[in-house]
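Here's the structure, in structure tokens; my notes come after.
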Amino acid sequence: MGHPGTGEKPAEGITPKLPTQFVNFSFFKVDPAWRRLPDDERQRGKEEFAAVVEEYAGRDDTMILSYSLVGLRADAEFMLWRISKDLRVFQEMTSKLMNTGLGKYLTIAYSFLSITKRSVYVDKMDPTNPNPRVYIVPGRGKYLFVYPFVKTRDWYQLSFPTRQGMMDEHIQVGSKYPSVKLNTTYSFGIDDQEFVVAFECDEPRDFVNLVQELRETEASRYTLRDTPMFTCIYYDNIMDVLNTL
Amino acid sequence: MGHPGTGEKPAEGITPKLPTQFVNFSFFKVDPAWRRLPDDERQRGKEEFAAVVEEYAGRDDTMILSYSLVGLRADAEFMLWRISKDLRVFQEMTSKLMNTGLGKYLTIAYSFLSITKRSVYVDKMDPTNPNPRVYIVPGRGKYLFVYPFVKTRDWYQLSFPTRQGMMDEHIQVGSKYPSVKLNTTYSFGIDDQEFVVAFECDEPRDFVNLVQELRETEASRYTLRDTPMFTCIYYDNIMDVLNTL
Amino acid sequence: MGHPGTGEKPAEGITPKLPTQFVNFSFFKVDPAWRRLPDDERQRGKEEFAAVVEEYAGRDDTMILSYSLVGLRADAEFMLWRISKDLRVFQEMTSKLMNTGLGKYLTIAYSFLSITKRSVYVDKMDPTNPNPRVYIVPGRGKYLFVYPFVKTRDWYQLSFPTRQGMMDEHIQVGSKYPSVKLNTTYSFGIDDQEFVVAFECDEPRDFVNLVQELRETEASRYTLRDTPMFTCIYYDNIMDVLNTL
Amino acid sequence: MGHPGTGEKPAEGITPKLPTQFVNFSFFKVDPAWRRLPDDERQRGKEEFAAVVEEYAGRDDTMILSYSLVGLRADAEFMLWRISKDLRVFQEMTSKLMNTGLGKYLTIAYSFLSITKRSVYVDKMDPTNPNPRVYIVPGRGKYLFVYPFVKTRDWYQLSFPTRQGMMDEHIQVGSKYPSVKLNTTYSFGIDDQEFVVAFECDEPRDFVNLVQELRETEASRYTLRDTPMFTCIYYDNIMDVLNTL
Amino acid sequence: MGHPGTGEKPAEGITPKLPTQFVNFSFFKVDPAWRRLPDDERQRGKEEFAAVVEEYAGRDDTMILSYSLVGLRADAEFMLWRISKDLRVFQEMTSKLMNTGLGKYLTIAYSFLSITKRSVYVDKMDPTNPNPRVYIVPGRGKYLFVYPFVKTRDWYQLSFPTRQGMMDEHIQVGSKYPSVKLNTTYSFGIDDQEFVVAFECDEPRDFVNLVQELRETEASRYTLRDTPMFTCIYYDNIMDVLNTL
């Protein structure tokens, strides 16, 4: 597993070979009034929404993954994880989504905006690692655990070797959980959080154990905020997600 | 009584003999508009909701307990405590609940998701205790007191023997209240809190005394958050709960 | 005046001669849509609500006092202070209230649940005081000032004599305001706060002076939270309260 | 300018020659649905509301000043600053206001309740000052800047001469801005804040400079909370305020 | 780039040659019900809204820039950045906007009010800089990143040379990002925050790198709050913004 919340310096002089990806996690909630509409109207609304999702998922420069949180969270029901070369794609796509039959009854409960970046911390568990996190390749695990992340201001005042040392400890713990795949993206200045971390995993118990074990690392003391934490169930078809509403 | 909020390490090398249980506490609130519907429509809506609850309660791998908080809490009116081997059962069941006549007028005010785990702290009051908390067997006490729980980050930096010592003190206090039965579950990484603690008890006064007495233990200083705290009245029949709305 | 926020230990070995009272303060807010209903429908709704209040006020084991906060507070309009031997009375009564013509347009903005307990701190200003606060006898002062109260965790780590000393100072200040009558109840574990304090007084100026003077006591430093603070005007007739809506 | 947030001791032995004034700042927000009503219905609603305001403004024992915040604040649109000898006047007046055509579409976003008191800090810039703040005489400046104010608990532990010293520094800075007129009122125990401060001024730039300069005084370190901060535009006619909606 | 969050002293004795500008950032959100209106009614509503914006943009003393946040933020959909010599222009304009066909379905999610001021910190990277920030000349960059900003109270207790030193470090880092243009305005006393900072930039990645790098400066430790952070896409035509809804 990689290392979330590292607070690395921007990569001075190192140009990523792949273009920056823009990333957005949008969490939606449906107005209960929608459930009181006739079934055929609801079906039409879902189909219109799904059509927009499929249109954008089919683009070369964009990836869309869909998840349901129904029954697992009070304030959000489904989520779209969107990755694109162009920030404006998110705007264009959301305009269309909110104007579908279903979209007219949706509110966006949470939205996290971020970009991909290379980390300057060396991954000593895997020194040949070309540091893939500058380009996200989602693994489509059964579950996705997502949360916004903020370090304390004191973390940034520590010397770089100190922070590298704490990241070494963090990475060591993570390596005991090879079934957990981490995606870290950066939100400094463009949204309320500093990072967004998204963990793909097939077994929630493994993830609970990992997070609990990480509590004992030194770096954990420098976490200012790591909530809300979302447990999301992956579906490879958007209609299956919408049918959980 | 057991020990809430222990922040134990994951059980390295110790495999629970029983499978992991997934646990969910969902707190519901009805739209006042529902109370303005005709009585027969309300009755039908409640029956549809109850039928879904009974369907899932009848499954071998799932347990559902229902409670009312009407008159005891401002922002939630009833609660379902759900225990299952499969996380997806919660999703499937909630989809169905929210599409019943009553469900179409409900919002979920709070939802807490957790799993069962074995604690590594020895229970010195009862050394032969096989540590039953890895498998929840609810006792169906008259009242259930539930709250999400988070320790401070400093707690996790204390050495394990120090924490074991504080848990010893905590367990000693709890043992003076044999009428209070604790269920601790773990939410690290899968929800906003670290633990969810649920206390079954027939006499609220006992629980108030216990919690007040625990304030004086050393471990109490390491509590970051233990609210909101819900007082729930148990009913062995879901319709009795729905009839308090 | 008595002493709020004392964080006393449970009374080991001392059995109160009077049964525990359960206490609830429910603060209600009406949907503006109710004000747009025809006058006769509003009148009927208020009468139904008042009838339930009078039914429960007439029981031997229950006391109900009603207050209006209209014009004094943004987020709550009236309050019922309920005292009963049985917690379930609150549930039963609220079910009925919320199903009256007025109740169908109400939300409960705040609810505080607590019990009565004996304090272990000696009231040195009045050593013969049999410590009446284990049983509430409301004085029906013109005004009631109510707030939930939480001490810091550090308070509970102080030795008992230290806390008794601080309570002595607190009680001394309070004794300068004999026109202010305090009712302290305990919420540890059963609601978000630790205590609920309710001060009866005929002159708000006296209460402002008292609270400002208490700021200078040592114990004041151990207050974690004492808001929201509600100013409530007493009416001896529930219809007079409902007519302020 | 006078001195806000002083945390003075109650005036022992000094009786104000003028009766206590009760003060209330009510901030209103209109339901967007009201804007969708026919123009003549809206006009009628505004006239009914204005009539109630004028009825109470005409009483000998009551003063009402009205302000608009439209375009300057997201969560409040207009405000009534009410001063009366009798707290119950606020209740009676608000009941009537909320039942007017406009009132039936209003919510009260914020309400601050306070009383007038004499400060024990000497105003050394003006020793002959009979300390007029025990009786508010609003100056009807073009702008009113209002906020609730809370000092830290540590402030109250400082010795009185220390606090007097800090207030001297504070008053000195204030005296450089004679165009800013301060009204301080006291809310200890009767509302969430400790003080409400209302500054009358004709030039917002002067007030920004004053507040920024005050940041450098020692007393500023003991501010726990001084938000939300409202910028309000004065109108001498309530209908002009309502016509900004 | 300039320096945000400097907490400078008011400019004693230095009169700005240009008049004070008043600045307002209003973030709007549309009621989903508006999306359910017939297309022609929605079109009319947008045209009415656009007409008001163009009327005020055409005034000599006022500048209006419009942005969309659809798909980038959960709780706000578009924003108007307004600059005027007269605060009352904001009030007048918002009254008209909220009464257009679209305005009747809008709520204002956030509003930030501020003024322009000269900074007393010397910009040592550019000593001949006549300090243009006393008068905003927006550059119309593709993206605008806006956030309210508050320094800790401790910052204001540091000596002026200390703060100048920290600002030197801050300015040095900023100078590495010439593509980011900063506008700092002052809200002390007139809104909840102390400053509002608005960064114009054509490449979000540059801004993320800048903010992350600034985390390591000493001044960063004195940030109390710098959220919420809004990413806004610029459109030179208001209708293009409204068409993203």
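Give me the inter-chain shielding for D:56-68: mean count of other chain Cβ atoms within 10 Å, whole number please.
On the way: counts 0, 0, 0, 0, 0, 0, 0, 0, 0, 0, 0, 0, 4.
The mean count of partner-chain Cβ atoms within 10 Å per residue comes to 0.
Of the residues making up region C:230-245, those losing 10 Å² or more of accessible area when the isolated chain is joined by the remaining protein chains, with a 1.4 Å probe, are C:231, C:233, C:235, C:244, C:245. Computed from protein heavy atoms with a 1.4 Å probe, the total accessible area buried between B and C is close to 3700 Å². Region E:36-86 and region E:136-189 have Cα centres lying 27 Å from one another. Each part gets one Cα centre, and for region B:191-245 versus region A:223-240 those centres are 27 Å apart. Each residue of region A:171-180 is assigned a 3J(HN,Hα), and the resulting list reads 5, 4, 4, x, 5, 6, 10, x, 7, 9 Hz, derived from the Karplus form 6.51 cos²θ - 1.76 cosθ + 1.60 (θ = phi - 60°), x at Gly and Pro. Treating each Cα of the protein assembly as shown as one equal point scatterer and applying the Debye formula with no solvent, the log10 of I(q)/I(0) at q = 0.06, 0.09 Å⁻¹ comes out as -0.52, -1.35.
What dipole magnitude, in Debye to the nearest 20, does the protein assembly as shown give about its Cα centre under +1 on Lys/Arg Cβ and -1 on Asp/Glu Cβ?
Numbers: 150 positive and 170 negative charges, 165 e Å.
Using Cβ point charges on Lys, Arg, Asp and Glu, the protein assembly as shown gives about 800 debye.
Only lysine pairs 8 or more places apart or on separate chains count here, and in chain D those with Cα atoms under 16 Å apart total 12. The residue in chain B that lies nearest, by its beta carbon, to the axis linking chain B with chain C is given here with the distance in whole angstrom as B:33, 8. On the beta carbon distance between residue E:202 and residue A:75, with R0 = 41 Å, the FRET formula returns roughly 0.70. Per-atom-type breakdown for the protein assembly as shown gives carbon and sulfur 50% of the accessible area (1.4 Å probe, protein chains only). Put simply, the amide H of residue E:195, placed in the peptide plane, has neighbours under 5 Å in E:149, E:187, leaving out anything fewer than 5 places away on its chain.
In this structure region D:132-232 gives 30 Å² per residue of accessible area when probed at 1.4 Å with all protein chains present.
Positive end of the dipole of chain A (Cβ unit charges, origin at the Cα centre): among A:115, A:179, A:33, the Cα lying farthest that way belongs to A:115.
Label-to-label distance for residue A:31 and residue D:107 is 1.6 nm, based on points extended 7 Å past Cα in the beta-carbon direction.
Between residue C:221 and residue C:86, what is the FRET efficiency for a Förster distance of 41 Å, r being their Cβ-Cβ separation, to the nearest 0.05? Efficiency, rounded to the nearest 0.05: 0.60. Electrostatic bookkeeping for residue B:39 treats Lys and Arg as +1 and Asp and Glu as -1; over the other residues with beta carbon under 13 Å from its beta carbon, the sum is +3.
Here, chain D has an Rg and a Dmax of 18.7, 62 Å when only alpha carbons are counted.
Please give the FRET efficiency for residue C:140 paired with residue A:137, using the beta carbon to beta carbon distance and R0 = 60 Å, rounded to the nearest 0.05. Rounded to the nearest 0.05, the efficiency is 0.25.
Can you give me the relative contact order of region B:22-115 as a percent, contacts being Cα pairs under 8 Å and 6 or more apart?
On the way: 150 pairs, mean separation 48.2, N = 94.
It rounds to 51 percent for region B:22-115.
Just the accessible area per residue of region D:22-115, please: how many Å² with a 1.4 Å probe? Provide the component values of the computation, followed by the final result.
Values: 2860 Å² over 94 residues.
The answer is 30 Å² per residue.
Placing D:117, D:96, A:176, C:104 in order of accessible area, with the largest value first and a 1.4 Å probe, yields A:176, D:96, C:104, D:117.
Helix-only estimate, please: 222 nm mean residue ellipticity of chain B, summing -39500 (n - 2.57) across DSSP H runs of length 4 or more and dividing by its residues, to the nearest 500.
Details: 7 runs with 72 residues, N = 245.
It lands at -8500 deg cm²/dmol.
Tell me the angle of helix B:87-98 to the major Cα principal axis of chain B, expressed in degrees between 0 and 90 and rounded to the nearest ten. Approximately 30 degrees, to the nearest 10.
The values are calculated or read from the model by the stated rules, or taken from the named source; none is laboratory data. It should be emphasised that the depicted structure is a prediction, and the values quoted were computed from it without experimental measurement. FYI the Cβ positions are ideal-geometry reconstructions off the backbone, even for glycines, and counts take in every protein chain you see. We work out accessible area using only protein heavy atoms, side chains counted, and drop any ligands, DNA or RNA first. Shrake-Rupley method; radii C 1.70, N 1.55, O 1.52, S 1.80 Å.
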